[in-house]
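First the structure, in the form of structure tokens, and then the observations on it.
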Amino acid sequence: QVQLVESGGGLVQPGRSLRLSCVASGSITSIYGMAWYRQAPGKQRELVAHITSGSSYINYAESVKGRFTISRDNAKNTVYLLMNNLKPDDTAVYYCNAGISSQDGSTKMYWGQGTQVTVSS
């Protein structure tokens, strides 16, 4: 069984930083693209950032370009999201997403349970 577990969310003042982490565990054989999404109250879930398996291609939502950085450590099955200069509009539940092949031969998209980020003074 494969799981994604996020951590690092919390309450932070505008202009400050947070780093989110997401660890994949279980009967994993390969991890492909990994991404962070977010969902604010009353809004649809949106893609924040995506990174390919070899970190060769990265893309960001326009609203976070220049402020957020996605990275991954394949040895640790972990993806990170460094969020700088946070704004109140960044308040949302942040979800980790990954394409993973497991030992039973299946390949699926997995989601974490989400971590709350609140930006407020």
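The values are calculated or read from the model by the stated rules, or taken from the named source; none is laboratory data. Note that the coordinates shown come from a computational prediction; the quantities given were computed from them, not determined experimentally. Backbone-built Cβ (ideal geometry, glycine too); neighbour counts: all protein chains shown. Accessible surface is based on the protein model in full, side chains and every heavy atom, while ligands, DNA and RNA are left aside. Shrake-Rupley method; radii C 1.70, N 1.55, O 1.52, S 1.80 Å.
Over segment 1-54, what is the mean sequence separation of C-alpha contacts under 8 Å (at least six apart), divided by residue count, expressed as relative contact order in percent?
29
How many angstrom lie between the C-alpha centres of segment 1-42 and segment 95-121?
7
Evaluate the charge dipole of segment 1-107 about its Cα centre and quote only its size in Debye, nearest 20, assuming +1 on the Cβ of each Lys and Arg and -1 on the Cβ of each Asp and Glu.
I would put it at about 280 debye.
Ratio of Rg to Rh for segment 1-47, alpha carbon only, Kirkwood?
On the way: Rg = 13.8 Å, Rh = 13.2 Å.
My calculation puts Rg/Rh at 1.04.
If Lys and Arg each add +1 and Asp and Glu each add -1, what is the summed charge of the other residues whose beta carbon sits under 14 Å from the beta carbon of residue 30?
Summing Lys and Arg as +1 and Asp and Glu as -1 gives +1.
Any idea what the relative contact order of the chain is, in percent, if you count C-alpha pairs under 8 Å spaced at least 6 apart?
37
When the expected Rg is taken as 2.2 N^0.38 Å, what fraction or multiple of it is the alpha-carbon Rg of the chain?
Normalised by 2.2 N^0.38 Å, the Cα Rg of the chain equals 1.04.
Using the heavy atoms of the protein chains alone and a 1.4 angstrom probe, what is the accessible area of segment 15-121 per residue in square angstrom?
Each residue of segment 15-121 exposes 52 Å² on average to a 1.4 Å probe.
Mean-square fluctuation check for the chain, GNM, Cα pairs under 10 Å: which of 73, 104, 90 is largest?
Among 73, 104, 90, the largest GNM mean-square fluctuation belongs to 104.
Considering only protein heavy atoms and a 1.4 Å probe, what is the carbon-and-sulfur percentage of the accessible area of the chain?
With neighbouring chains kept in place, the figure for the chain is 47 percent.
Counting DSSP beta bridges in the chain, what percent are antiparallel, to the nearest 5?
95
Probe radius 1.4 Å, ligands and nucleic acids left out: which of 36, 111 has the largest accessible area, and how do the rest follow?
111, 36
Taking only C-alpha pairs under 8 Å that are 6+ residues apart, what is the relative contact order of segment 54-121 in percent?
Numbers: 76 pairs, mean separation 17.1, N = 68.
Reported relative contact order: 25 percent.
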